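The structure under discussion appears below in the form of C-alpha cells.
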Amino acid sequence: MSRHTRTGPGIPAGTSLEGRDEDIRRLLAASGPRPQPPEEMERRVRAAVLDAVDALPDPGRDRFRVSAMLPRVPAFAVAASVLFAVVVAYYFAGAGIGGHDAAAARIAFASGGYTVRGSASKPDAEWIAPGTIVQTSTQGRVLLELSDGVTVRIDQLSSATFHSGREVWLHRGRIYVDAAGAGSLQVTTPNASIRDIGTQFEVSLDGERLTIAVREGDVEVSTSSELIRAGVREGMGEMIALDGMTLADRTSIAPTDPHWQWTQSARPLFSLGGRSVAEYLDWVARETGQRLVFESELVRQQAGLQEFFGKGEADTNVEQILRTTRFQLKKDAVHELVVGFSAG
C-alpha cells in the first residue's frame, strides 16, 4: 500500500494518506471517458469568460485606485472564477439540481438502518441528488429507482455513490441491479467497471475481491487491461471473480439459486389494486428467477384481462394469491411457473 505525506492549505504537515491515490487511479481508469458538457453550455461558458476578460481594468488606467481596492489577480484567475460560477449556475439552476429531473435516484424502499450524505440530499429525502452516498447498516437494505427505470438494491453493510441515473460507484458491500427492459447502468469499482446489456446482475466488493453474478442477460466487465463478458447460457447464469484486476474464477449459477435470496428483503411488496393477474405473475417470475409459462394462449389472454380489486399487497406466494382468481399453478417446477385455469 502506498504512503504519501502531503502539506498545503487545509492539510496539516505530516498528514498521511494511505492507498487513496491507487484507488482513485483505478476508479478513473475503470470509469472511462467522462461525458462532455452540452454544446450550448460550452458556448455560454466561453462567452462568459471572454466577457470577463474584456471587463478587466486596463493596467495603465486607474492603476492606483484599483490596486487599493482589490488584490492583484491575474486575468486568467478571474476568467476561471467566472467559468466556475457559470458551470455551477448551469448545473444548480439551469439543470435544476435537487429537482426530480436532475435527481440521481429515488428511494423506493428501505428496511433497517441506512444513511444518506453528500450533495444536496437530506437524510430523509425521497429523491437523492447526483453525488449522494448511500450507506447501509448491519440490518439495512435499500432499493433505489433510477431515471430510466433501472433499480438498484443495496445489501447490508454496503456503500455506494450515485453519480447520476446512469453511473454508480460501489465502495464496499453488495448491490443488485435490474435493468431489463429499461435503460443501461455502469457500476464502477476500483477493480473494474461493469456495464449491463439488458440484465439482472449482482456486484460484490470485499477488499481486493470483486465478484459479479449474472442472473439474466449479459454484462461487460472492463479492467485497465481487458474486457470480460459474462451472461446467461442455456438457462444458467455466470459468476466471475476478480482478484485485483485479474480474472480468478468463473462458475455457473442458476437464476433460482439461494444466492439471490437476499434481494427479496430489499424490495417492496407488489401492489395488487388495478393490476392484472399477468402483471403479478410477471413480477413473481422476475423476483424468483423462474420462467413464466401459460398452459395455453387463452390462459395468457385471460390472465391479462382479470384485475385484482382493492388495495392489497402480495409477496411471491403465488399459490395463495391465485386462490382468489380463476387460475392456479399446474405443476411444481423448480425453474418454471406453469399457470392454467383452476378446476373449480
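The values are calculated or read from the model by the stated rules, or taken from the named source; none is laboratory data. Quick caveat: nothing in here was measured; it's all calculated off a predicted structure. Cβ atoms come from the backbone with ideal geometry, glycine included; neighbour counts cover every protein chain shown. The accessibility values were calculated without ligands, DNA or RNA, using every heavy atom of the protein model including side chains. Shrake-Rupley method; radii C 1.70, N 1.55, O 1.52, S 1.80 Å.
Observations on the model:
- Among (1) of a type outside the set (A, V, I, L, M); (2) part of a helix (DSSP H, G or I); (3) touching a Leu at 6+ places or on another chain (Cβ under 8 Å); (4) open to solvent by 50 Å² or more (accessible area, probe 1.4 Å) - the single one Pro268 does not satisfy: (2)
- Residues of segment 162-189 satisfying the condition of being open to solvent by less than 10 Å² (accessible area, probe 1.4 Å), of a type in the set (A, V, I, L, M) and in a loop (DSSP other than H, G, I, E, B): Ala179, Leu185
- A single entry from Ser137, Ser159 fulfils the requirement of being open to solvent by less than 10 Å² (accessible area, probe 1.4 Å) and farther than 27 Å from Val232 by Cβ: Ser159.
- None of Glu336, Glu307 is touching a strand residue (DSSP E or B) at 6+ places or on another chain (Cβ under 7 Å) and open to solvent by 90 Å² or more (accessible area, probe 1.4 Å) except Glu307.
- Checked against the criteria, Arg215 counts as among the charged types (D, E, K, R), part of a strand (DSSP E or B) and buried (at least 19 other Cβ atoms within 10 Å of the Cβ).
- Number of residues in segment 271-284 that are open to solvent by 10 Å² or more (accessible area, probe 1.4 Å) and either without any contact (Cβ under 8 Å) to a residue 12 or more places away in the chain or part of a helix (DSSP H, G or I) (or both): the value is 4.
- Looking across segment 218-231, just one residue is open to solvent by 60 Å² or more (accessible area, probe 1.4 Å), in a strand (DSSP E or B) and either within 11 Å of Asp196 (Cα to Cα) or in contact (Cβ under 8 Å) with a residue 12 or more places away in the chain (or both), and that is Arg229.
- Hits in segment 232-263 - residues which are of a type in the set (Gly, Ala, Ser) and either surrounded by fewer than 16 Cβ atoms within 10 Å (Cβ to Cβ) or more than 15 Å from Val177 (Cα to Cα) (or both): Gly235, Ala241, Gly244, Ala248, Ser252, Ala254
- One residue stands out among those in segment 140-156 that are over 11 Å from Asp178 (Cα atoms) and in contact with a helix residue (DSSP H, G or I) (Cβ under 7 Å, 6 or more places away or on another chain): the one that is surrounded by the fewest Cβ atoms within 10 Å (Cβ to Cβ), which is Asp155.
- For segment 90-134, taking the residues that are modelled with pLDDT under 55 and among the aromatic types (Phe, Trp, Tyr), the one that is least open to solvent (accessible area, probe 1.4 Å) is identified as Tyr90.
- Checking Gly165, Gly140, Gly173 one by one, the residue that is more than 18 Å from Glu220 (Cβ to Cβ) and modelled with pLDDT under 95 is Gly165 and no other.
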